[in-house]
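Novice: After the structure tokens below, expect a handful of questions from me.
The values are calculated or read from the model by the stated rules, or taken from the named source; none is laboratory data. It should be emphasised that the depicted structure is a prediction, and the values quoted were computed from it without experimental measurement. Cβ coordinates were reconstructed from backbone atoms using ideal geometry, including for glycine residues, and neighbour counts include every protein chain displayed. In case anyone asks, the SASA skips ligands and DNA or RNA and just uses the protein heavy atoms, side chains included. Shrake-Rupley method; radii C 1.70, N 1.55, O 1.52, S 1.80 Å.
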Amino acid sequence: MHHARRTAGFTIALAAALLVAGCGDDNDKDSNSVLTTPTINMPTGMATTHSEAHGTQQTGAQATGTPERGETPDETKIPTAGGTEVTVSGDIYDKYMEAGGPTGPLGAPLEPVENAPNNGKYQDFVGGTIYEPEDGDPHIVWGEIRKAWEENGGAAGQLGYPVSDETDIPGGKQTEFSGGTITWVNGQITVTMK
């Protein structure tokens, strides 16, 4: 679905890395040489997650090291501060990178993709979760809205899957779900079912 965007993003990152790293010494050419992906170092440290907007502050380790292509062209392995690599792939990868990737508010992945109700899938990150229904686009759920959604059954509940990312509304935030809406305004959560 979003594979062209991921390929373009990878191409841009590769070009930027080559520009920074330089082209090397042309005198070292070997007719049997193999093209390798340059190392792209990501900053290490702590990332403050999006939950700050919901009145709570969470910090988590950002990813560190070099993302590596996985077993198929659709996967990328993201190194975490704990020294493990977690694969992020497909439309969830596209959404993750759109939100800033390892250095964005989602931070490092916590675990591989998991199965969700009704043939959907999700992946947890330090700062939130990306949910994707079987026949729909992935969306991020985080902070107090995520807590309220999970308290109401999450994707298996009446609210169902998110159909929008969190949006700004006067005094707070809002996320639309297939079965309703959750708003966070002035520190108060309101769940509205369809």
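Novice: What are the ³J(HN,Hα) couplings of the range 149-158, residue after residue, when phi is run through the Karplus curve with 6.51, -1.76, 1.60 and θ = phi - 60°? Round to Hz, x for glycine and proline.
Specialist: Values, residue by residue: 5, 5, 5, 9, x, x, 5, 7, x, 5 Hz.
Novice: Next up: In whole Hz, what ³J(HN,Hα) sequence does the range 142-148 give by Karplus (6.51, -1.76, 1.60; θ = phi - 60°), x for Gly and Pro?
Specialist: Per residue, the Karplus-derived 3J(HN,Hα) values read 7, x, 5, 5, 4, 4, 5 Hz.
Novice: Sequence-distant or interchain residues sharing an amide H contact under 5 Å with E75, placed H: which?
Specialist: Under 5 Å from the amide H of E75 lie the amide H atoms of G70, each far enough along the sequence or on another chain.
Novice: Please report the net charge: other residues with Cβ closer than 15 Å to the Cβ of G82, K and R +1, D and E -1.
Specialist: Working: positive: K77; negative: E85, E111, D124.
With Lys, Arg at +1 and Asp, Glu at -1, the net is -2.
Novice: Solvent-accessible area per residue for the range 82-181 at a 1.4 Å probe radius, Å²? Walk me through the intermediate numbers first.
Specialist: Working: 4070 Å² over 100 residues.
Per-residue accessible area for the range 82-181 comes out at 41 Å².
Novice: OK, next. Translational diffusion coefficient of the range 87-148 at 25 °C, 0.890 mPa s, Stokes-Einstein with Kirkwood Rh over Cα pairs, in µm²/s as a whole number.
Specialist: Working: Rh = 11.5 Å.
After rounding, the answer is 214 µm²/s.
Novice: Then there is this: If packing is taken as the average number of other Cβ atoms within 10 Å across a peptide's residues, how do 77-87, 111-121, 128-138 rank, most packed first?
Specialist: On the way: 77-87: 17.2, 111-121: 14.3, 128-138: 19.7.
My ranking of the peptides, most packed first, is 128-138, 77-87, 111-121.
Novice: Using amide H atoms built in the peptide plane, which far-off residues or other-chain residues are under 5 Å from L110 H to H?
Specialist: Amide H neighbours of L110, under 5 Å, 5+ apart: D124, F125, V126.
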